[in-house]
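Note sheet for the following structure.
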Ligand SMILES: [Zn+2]
């Protein structure tokens, strides 16, 4: 009897897991379309800062530092691409969606070319960054 119940539970769990794949679920409506992306971006920046700190105090080898930094920058690029995608979507549906999102997103859309170049090390980025991905110093453009 116990075996039978266990089997039934196992099957139910299996069907549930297989039946409701994350892909099929509709995306939960975020409060702001950028909120979760901003959070991820902030987390990556924090990791970069921590990494830089640990490297400076000698906790990390040069190789480890470079590898981890590259990983974080790749992740950051992914988040930035996602932000772009959301922006394009918002621009594409200028109707109600844009009206809702306009207040926060307007300022972020206007990016001067100059703000893409680090004033400290002259590294250039495709995206506006709060902190330079190369030297970690704050970039010129500070978002409101
Ligand atoms: Zn820099």
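Points to keep in mind about this one:
- Arranged from fewest to most other beta-carbon atoms within 10 Å of their beta carbon, 61, 32 become 61, 32.
- Note on region 36-83: Kirkwood hydrodynamic radius from all Cα pairs is 11.0 Å, rounded to one decimal.
We did not get these values from a lab; they are worked out from the coordinates using the rules stated. In this text, all values refer to a predicted model and were calculated from it rather than measured experimentally. All Cβ positions, even for glycine, are placed from backbone atoms using ideal geometry, and neighbour counts span all protein chains on display.
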